[in-house]
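Working notes, structure below.
The values are calculated or read from the model by the stated rules, or taken from the named source; none is laboratory data. Remember, it's a predicted structure, so these values are computed and weren't measured experimentally. Cβ placement follows ideal geometry from the backbone for every residue including glycine, while neighbour counts extend to all protein chains displayed. Accessible surface is based on the protein model in full, side chains and every heavy atom, while ligands, DNA and RNA are left aside. Shrake-Rupley method; radii C 1.70, N 1.55, O 1.52, S 1.80 Å.
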Amino acid sequence: MSKVTTLGQFIIERQGDFPFAKGELSRLLRDLGIAAKIVNREVNKAGLVDILGEAGTVNVQGEQVKKLDVFANEQFITALSSGGECCAVASEENEDMVPIDTIVSKNAKYVVCIDPLDGSSNIDVNVSIGTIFSIYRRTSLSGSGVLSDFLQKGTEQVASGYITYGSSTMLVYTTGRGVNGFTLDPSIGEFCLSHPNISIPEDGFLYSINEGNYLHFPDGVKQFIKYCQEEDEATRRPFSTRYIGSLVADFHRNLLKGGIFIYPSTARSPKGKLRLIYECNPLGWIVEQAGGKASNGYKRIMEVEPESLHQRTPLFIGSKNLVEKAEAYMTKYSPQPVAS
Ligand code: P6P
C-alpha cells in the first residue's frame, strides 16, 4: 500500500520551503482543514432535510436548524477565531469585515477572505458545492485587523484554495509552489494527498458559460462562443459545453481536464457576478500555479485593484490557450473603454 500523506503531514513537510516560517501559516491551513471536515459532515446530511428539518425550524433534537451557508460561515469563523493565526475575516456572508479580537488572535499575522459555501442553492438538488479561501499577510501593524488589510491585489496572497463537497470531498490549495489536491478519507477523518502537482492542460475542449445570458454578452464573448461551436477537426471543435452552475465544481473539472469558465458582464450583472477577493483571486492564483490563466477579459485578475470587499468582476479562467483566445476576441470585438 503506497504511503498515505495527510494534509497535516504535507503542510509541515512543505513548511521547510519557507525560510523563517514559524508555523503560523501551517496552523492557519490546518484550522481551515478542520472546519472543512465539520462543514462536510453537515453538507452530507443535507439530503436528510426531511428528518433534520428545514433551515429556520427546530429539529427533532430541539435544535435550531441553520441554513448550511450560515452554518458553514460560523464554523470557519469559529475555527479561525480560536486558531490564533488570523486577526480578521472577510466573508461572502458578512457585509462588513469580521475583526477577531480574541487575546490569541488580536495581533495575528494573517487575514482570511472566504466564500464559506458557494453555490449553496444547489444543495437541495444534490449538486456539488464549495468553499473558497484566500490568505493575506495583514498590512496593518497590530490590533484586530482593518479594511485595508483586505484591499490588496491578488498578487499579494500567501495561500489560496478551495474545498469541493461532491462525490468525494477534496481540498485543493497553493502557497506559491504548485497546486496539490487532498481527498477526505472518511474512514480516518483525514484529507490525504491524492492529486500531487496538479497542472491544467494548456489546451482544453470544454467551455463553461450560462448561455441563458447570451443576448447581453459582450460581442467578444459572443464571437468566442461562435469559435467554440465552429467545426474544425484540427482543433477538435466544436467544443463541448459543461455548466454546473456551481463555480467550484465547474472550476475543479476544468482544472483537471482542461477548459475555460467565463462569467462575463451581463444585463443583470453589468460588472460580472463573481466576487474579486474571495472567489476570483483565490481561484486565479490556483489556476496560474497550475499553468493556466485568469483575467477579467483584458487584465490579469490578480492585478485588478480591489476597492471594496464584495466587489464583482467578470472572470475568464482556465486553460492558458483558451483564455488567451477569449481575450483576443474581447480586444477585437469589445475593446475596453479607455479610462476617462
Ligand atoms: P448563474 C452560485 O450562485 C454562483 O455564485 C457560482 O457558484 C456559479 O458559478 C454562479 O453563481 C452561477 O450563476 O447566474 O449562471 O446561475
Original post:
Is it the case that P314 is in contact (Cβ under 8 Å) with a residue 12 or more places away in the chain and either within 16 Å of the ligand (Cβ to nearest atom) or crowded, with 21+ Cβ neighbours inside 10 Å (or both)?
Top reply: yes
Original post:
Within the stretch 214-255, how many residues are acidic (D, E) and within 15 Å of the ligand (Cβ to nearest atom)?
Top reply: 1
**OP:** Kindly list the number of the only condition in (1) open to solvent by 20 Å² or more (accessible area, probe 1.4 Å); (2) β-branched (V, I, T); (3) not in a loop (DSSP other than H, G, I, E, B) that fails for V111.
**Re:** (1)
**OP:** Return the total of residues in the stretch 177-213 being aromatic (F, W, Y) and within 16 Å of the ligand (Cβ to nearest atom).
**Re:** 1
**OP:** Determine if the stretch 256-279 includes at least one residue that is under 13 Å from T155 (Cα atoms) and surrounded by 20 or more Cβ atoms within 10 Å (Cβ to Cβ).
**Re:** yes
**OP:** May I ask you to list pairs of residues, at least six apart or on different chains, whose Cβ atoms are under 7 Å apart, with the first in the stretch 253-280 being in contact (Cβ under 8 Å) with a residue 24 or more places away in the chain and basic (K, R) and the second being within 11 Å of the ligand (Cβ to nearest atom) and open to solvent by 40 Å² or more (accessible area, probe 1.4 Å)?
**Re:** K271/R312; K273/R312; R275/E92; R275/R312
Subject >> Top-ranked residue in the stretch 122-139 [being open to solvent by 10 Å² or more (accessible area, probe 1.4 Å) and in contact (Cβ under 8 Å) with a residue 40 or more places away in the chain; ranked as farthest from the ligand (Cβ to nearest atom)] >> reply: R138
**OP:** Among the residues of the stretch 202-247, count how many are within 29 Å of Y165 (Cβ to Cβ), open to solvent by less than 70 Å² (accessible area, probe 1.4 Å) and basic (K, R).
**Re:** 0
**OP:** Kindly list the number of the only condition in (1) within 15 Å of I200 (Cβ to Cβ); (2) over 23 Å from the mean Cα position of the chain (by Cα) that fails for K332.
**Re:** (1)
Original post:
What single numbered condition from (1) free of Cβ contacts under 8 Å to residues at least 40 places away in the same chain; (2) over 19 Å from Q289 (Cα atoms) fails to hold for G166?
Top reply: (1)
**OP:** Answer yes or no as to whether T331 is open to solvent by 30 Å² or more (accessible area, probe 1.4 Å) and either of a type in the set (A, V, I, L, M, F, W, C) or in contact (Cβ under 8 Å) with a residue 60 or more places away in the chain (or both).
**Re:** yes
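With respect to I286, determine if the residue is open to solvent by 20 Å² or more (accessible area, probe 1.4 Å), within 16 Å of the ligand (Cβ to nearest atom), of a type in the set (V, I, T) and in contact with a helix residue (DSSP H, G or I) (Cβ under 9 Å, 6 or more places away or on another chain).
no
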Original post:
If you check S144, S194, which single one turns out to be among the polar types (S, T, N, Q) and closer than 27 Å to T6 by Cα?
Top reply: S194
Original post:
Does V43 count as open to solvent by less than 30 Å² (accessible area, probe 1.4 Å), of a type in the set (A, V, I, L, M) and either at pLDDT below 80 or farther than 26 Å from C113 by Cβ (or both)?
Top reply: no
